[in-house]
Amino acid sequence: MERQEKLKINGLGAERNLKGTVYISGAKNAALKAMAGAVLFDGPVELHNVPDTADVRTIVEIMTKLGARIESKDDVLTIDPNTITNTDIDRKLAGNIRASVMLTGPLLARYGKTTFPAPGGCVIGCRPIDLFLNGYRKLGASVVEHDELFDIKDGNFHGGEIFFDKVTVGGTETLVMAATLAEGRTILYNCAMEPEIVNLVEWLNRGGAKISGAGTPTITVDGTAGKLLKPVKYEAIPDRIEAGSYLILGALIAKELEIKDCEPEHLRAVVSILSDAGVKINVDDKAKTIVVSNDNAKNYTPLNDIRTHEYPGFPTDLQAPLTVFATQVNGKSAIFETIYENRFKYVEDLVAMGANIRAISERDVEVNGPTTFKGTSEISPGMIIPARDIRAGFAIVMAAILAHGESTISNVHLIDRGYEDLAGKLKGLGVELERISN
Ligand code: EPZ
């Protein structure tokens, strides 16, 4: 049974004048794909700036079970794929982490076969993998599903043409990796354009892949016809979702919060939305630093018709933190979730803590502010609020920090999946909190 840890947070109430610096870690959603991509290389590869989060540790476990030799030292992972002897992804381990499906592309590219469990959906939506499977079929593989296990063979891919019916980040990355060693050219249309994809492809190309168009809707892969890539160092880009989360939090609680080691270029949408609401933000592209202050918090204006969108639009992974921001501004805000069908479950928890949020539909909420949050212990002694997923968990932490009184949050392991050293970074800003395990 996983150790169930909780966070106890002593809310700031009206005293919101913290000062401090937070250093942004490497992007989880970049590093996880590079770990899978290591399979395409002929020998050990060094992955740098890899965050020490639960998802990274799970992928290490899954790849070790396949036979890969992995060493980790500080934020450097060295993965040797040449010792892999098995391409069947562990059902139990893969069941609770969607990123495991990323491994199927490289495994198929190199070994021509793999089996893996249908990745568990999660609270934000059913998150099917039909786009991955259709892509594999287009490249010549046979896909058979029996008792929730996918068995894919004939993966020594020839080239092909794939049109993604929906923009899919993981689908784009995984099919690009699947096509990297193929015989011939593969063209992928309607691709995602996230910076994590550019980060991955730039590395693969340095290893000898021939991929063009990353960061645009059309990506062309000229396969190496089975030739493995030459090991070269990978460096994960800064985590734009972690940086955006602290930026939104800082806009509410900090006299001055300095966000360092971030990539401001990847945060244009959230900086624009917060600035339009009256938040004081200073961006220094060269210094990779953003400074935010809540000096003008009393005059923040509502967010009119925010819609989450694929990159470079406003990211769905910041929707929950932004909803908490909307509870603190003067007036009515509207937030629409375009990407997932069920990503507002945490709203009921915010309402229980004092927010005034009305669900228009499963994808659409109306937030009236400003409202004050009450700590769970003020609402009822012993009350505990659960983190429902990585980003909703950060949103509940934000509400607890803003609240009057103490709060207890459970399922902290979910938050750990996407935020390295959350407690340490928040304590460094002066937030009074502690992790407790029962
Ligand atoms: C990545 O998930 C991120 N995860 C998610 O971050 C992020 O929310 C998402 O991209 C969108 O930006 C990682 O990179 C590990 P998609 P991914 O394929 O690749 C549907 C976080 O908090 N879809 O772009 O799984 C899907 O259901 C996580 O860090 C299909 O229908 O997302 C969703 O509605 C949460 N069929 C939409 O497409 C498929 O085969 C976008 O999903 C694949 C996806």
Worksheet item: If you check ASP284, ASP305, which single one turns out to be on the phi > 0 side of the Ramachandran plot and away from the ligand (no atom under 16 Å from the Cβ)?
Response: ASP305
Worksheet item: What number goes with the only condition from (1) touching a helix residue (DSSP H, G or I) at 6+ places or on another chain (Cβ under 7 Å); (2) more than 12 Å from the ligand (Cβ to nearest atom); (3) assigned by TED's automatic domain parsing to the domain that holds THR371; (4) not basic (Lys, Arg) that ILE152 does not pass?
Response: (3)
Item to complete: State yes or no: is THR58 within 16 Å of the ligand (Cβ to nearest atom), closer than 30 Å to LYS255 by Cα and among the polar types (S, T, N, Q)?
Response: no
Worksheet item: Restricting attention to the stretch 167-187, which residues are among the hydroxyl-bearing types (Ser, Thr, Tyr), open to solvent by 10 Å² or more (accessible area, probe 1.4 Å) and touching a residue at least 40 places away in the same chain (Cβ under 8 Å)?
Response: none
Fill in: the stretch 96-107 residues that are basic (Lys, Arg), paired with ones that are at pLDDT below 90 (beta carbon under 8 Å, 6 or more apart)
ARG98/PRO119; ARG98/GLY120; ARG98/CYS122; ARG98/ARG127
Item to complete: Show the residue pairs that are 6+ apart or on different chains and have beta-carbon atoms under 9 Å apart, the first residue being within the stretch 35-48 and at pLDDT 95 or above, the second being assigned to a helix (DSSP H, G or I) and of a type in the set (Ser, Thr, Tyr).
Response: ALA36/SER100; ALA36/THR104; ALA36/THR174; VAL39/TYR111
Worksheet item: Applying the selection to the stretch 155-185, what residues are under 16 Å from LEU204 (Cβ atoms), among the charged types (D, E, K, R) and either in a helix (DSSP H, G or I) or within 16 Å of the ligand (Cβ to nearest atom) (or both)?
Response: GLU173
Worksheet item: Scanning for something assigned by TED's automatic domain parsing to the domain that holds ASN134 and touching a Ser or Thr at 6+ places or on another chain (Cβ under 7 Å), does the stretch 194-207 turn up at least one residue?
Response: yes
Worksheet item: Of the numbered conditions (1) more than 13 Å from the ligand (Cβ to nearest atom); (2) more than 22 Å from the chain's Cα centre (by Cα); (3) touching a residue at least 24 places away in the same chain (Cβ under 8 Å), SER212 satisfies every one except a single condition; which is it?
Response: (3)
Fill in: Conditions (1) modelled with pLDDT of 95 or more; (2) within 16 Å of the ligand (Cβ to nearest atom); (3) closer than 21 Å to MET63 by Cα: number failed by GLU194
(3)
Discussion item. Which condition from (1) touching a Ser or Thr at 6+ places or on another chain (Cβ under 9 Å); (2) in a helix (DSSP H, G or I) is the one that ILE409 breaks?
Written reply: (2)
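The values are calculated or read from the model by the stated rules, or taken from the named source; none is laboratory data. Since the model is a prediction, treat every value here as computed from it, not as a measurement. Cβ: placed from backbone, ideal geometry, glycine included. Neighbour counts: every protein chain shown. Surface areas here come from the heavy atoms of the whole protein model, side chains and all, with no ligands, DNA or RNA. Shrake-Rupley method; radii C 1.70, N 1.55, O 1.52, S 1.80 Å.
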